[in-house]
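Before any comments, here is the structure.
The values are calculated or read from the model by the stated rules, or taken from the named source; none is laboratory data. Bear in mind that the values here come from a model prediction, so they are computed numbers and not experimental data. Here the Cβ positions follow ideal geometry from the backbone for every residue, glycine too, while neighbour counts run over all protein chains shown. Just so you know, the surface numbers come from the protein's heavy atoms only, side chains and all, with ligands and any DNA or RNA stripped out. Shrake-Rupley method; radii C 1.70, N 1.55, O 1.52, S 1.80 Å.
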Amino acid sequence: MPVNKEKYQQIRTELDAKKVTLVAVSKTKTKEDILELYHLGQRDFGENYVQELVDKAAQLPKDIRWHFIGHLQTNKVKLIAPFVQLIHGVDSLKLLKEINKEAVKNNRVIDCLLQIHIAQEETKFGLNEEELELLIGQLADMPMANVWVAGLMGMASFTDDMAKVRIEFKRLREVFDHHAKLQTSNLKPQNLSMGMSSDYKVAIEEGSNMVRIGSLLFGERVKK
Ligand SMILES: *Cc1c(COP(=O)(O)O)cnc(C)c1O
């Protein structure tokens with residue numbers, strides 16, 4: 001499946017006008033595919049699998065900003081800590097501590113988004129609102145100089161029912177607005193990462209400022 005350059009230009013124009021960051025989700029796609037968008041000016045790319053991200057980052061231009069959008073295991077943090085731009089799916093204090101530890105070793109500050117569970121579907125990933133409150137409280141008590149909680153991330157239910165998706169995004173936006181007022185030494189919520197190929201327009205209407213789009217740009221993925 002070829003990269004859809006026309007679609008890219010169209011989405012990019014639409015998002016630039018609204019000051020929404022486009023993360024091009026390149027998981028399972030080749031280096032050549034990524035370079036096609038890179039040559040059109042795209043710099044933010046998102047990957048879900050640690051080893052794939054590490055391999056691609058080593059072989060592609062150094063000014064690419066790599067976003068890790070998958071579920072990150074603590075034992076893999078060290079592999080991406082030297083270069084990752086933003087880790088979208090953080091959902092535990094344990095993981096934050098590990099990211100901080102590896103960030104210290106690399107002499108960097110690593111930006112993270114806390115993943116909030118907004119979909120009705122059951123999933124192991126993401127914090128509910130109570131857990132979010134708890135984690136933010138713990139963060140305030142525990143100075144971690146090398147991580148920066150830069151916002152929230154969420155995924156709506158996997159459904160064609162856009163009314164339902166809208167309600168879920170609206171809720172995440174409310175949670176984000178509530179926390180955007182709270183700013184502590186390592187909490188500064190600025191990014192609200194919500195919206196994918198099927199629902200990014202609704203997400204932006206509901207206040208997203210960062211969307212993660214894969215298949216619209218790169219074509220459908222073969223299931224891994
Ligand atoms: C794969 C993925 C995306 C992109 O999905 P598309 O439907 O291809 O746009 C966005 N966010 C996350 C967390 C993903 O895993």
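Based on C-alpha pairs under 8 angstrom that are at least 6 apart in sequence, segment 35-97 has a relative contact order of 32 percent. In segment 151-185, which residues have a backbone nitrogen under 16 Å from the label point lying 7 Å from PHE125's Cα in the Cα-to-Cβ direction? Under 16 Å, as judged by backbone N against the label point of PHE125, lie 152-159 of segment 151-185. The DSSP beta bridges internal to the chain are antiparallel in roughly 5% of cases. Using the Cβ of THR21 as centre and a radius below 13 Å, the other residues enclosed give a net charge of +2, where K and R count +1 and D and E count -1. In summary, the aspartates and glutamates within cross-link reach of LYS29, defined as a Cα separation below 20 angstrom excluding same-chain residues under 8 places away, comprise GLU6, ASP44, GLU47, GLU52, ASP55, ASP63, GLU220. Straight-line cross-link partners of LYS76 among the lysines, defined as a Cα under 18 Å from its Cα and at least 8 positions apart when in the same chain: LYS27, LYS56, LYS94, LYS97, LYS101, LYS105.
Once C-alpha pairs closer than 8 Å and six or more residues apart are averaged by separation and normalised to the residue number of segment 1-52, the relative contact order reads 41 percent.
When the solvent-accessible area of segment 84-157 is split by element, carbon and sulfur atoms take up 49 percent of it, the probe being 1.4 Å. A convex hull fitted to the Cα coordinates of segment 1-60 yields 79 cubic angstrom per residue. When the helices of the chain are scored as -39500 (n - 2.57) per DSSP H run of n ≥ 4 and the total is divided over every residue, the value at 222 nm lands at -12000 deg cm²/dmol. On full extension, the segment bounded by ASN75 and VAL109 gains 10.4 nm, given 0.36 nm per residue less the C-alpha separation. Accessible surface ranking for LYS105, LYS170, 1.4 angstrom probe, highest first: LYS105, LYS170. In straight-distance terms, cross-link reach from LYS18 covers every one of the aspartates and glutamates whose alpha-carbon lies under 12 Å from its own, apart from those fewer than eight places away in the same chain; here that gives GLU205. In this structure segment 55-172 gives 50 Å² per residue of accessible area when probed at 1.4 Å with all protein chains present. With the convex hull drawn over the C-alpha atoms of the chain, the volume per residue is 121 Å³. For a modelled paramagnetic label at ALA145, 7 Å from Cα along Cα-to-Cβ, the residues of segment 174-192 in reach, with backbone nitrogen under 17 Å, are 185-187.
Each of the peptides 21-33, 207-219, 127-139 was scored by the mean count of other Cβ atoms within 10 Å over its residues; in descending order, highest first, they stand as 207-219, 21-33, 127-139.
Taking amide H positions as modeled 1.01 Å from N, with prolines and chain starts lacking one, the residues under 5 Å from THR21 and 5 or more places away or on another chain are MET210, VAL211.
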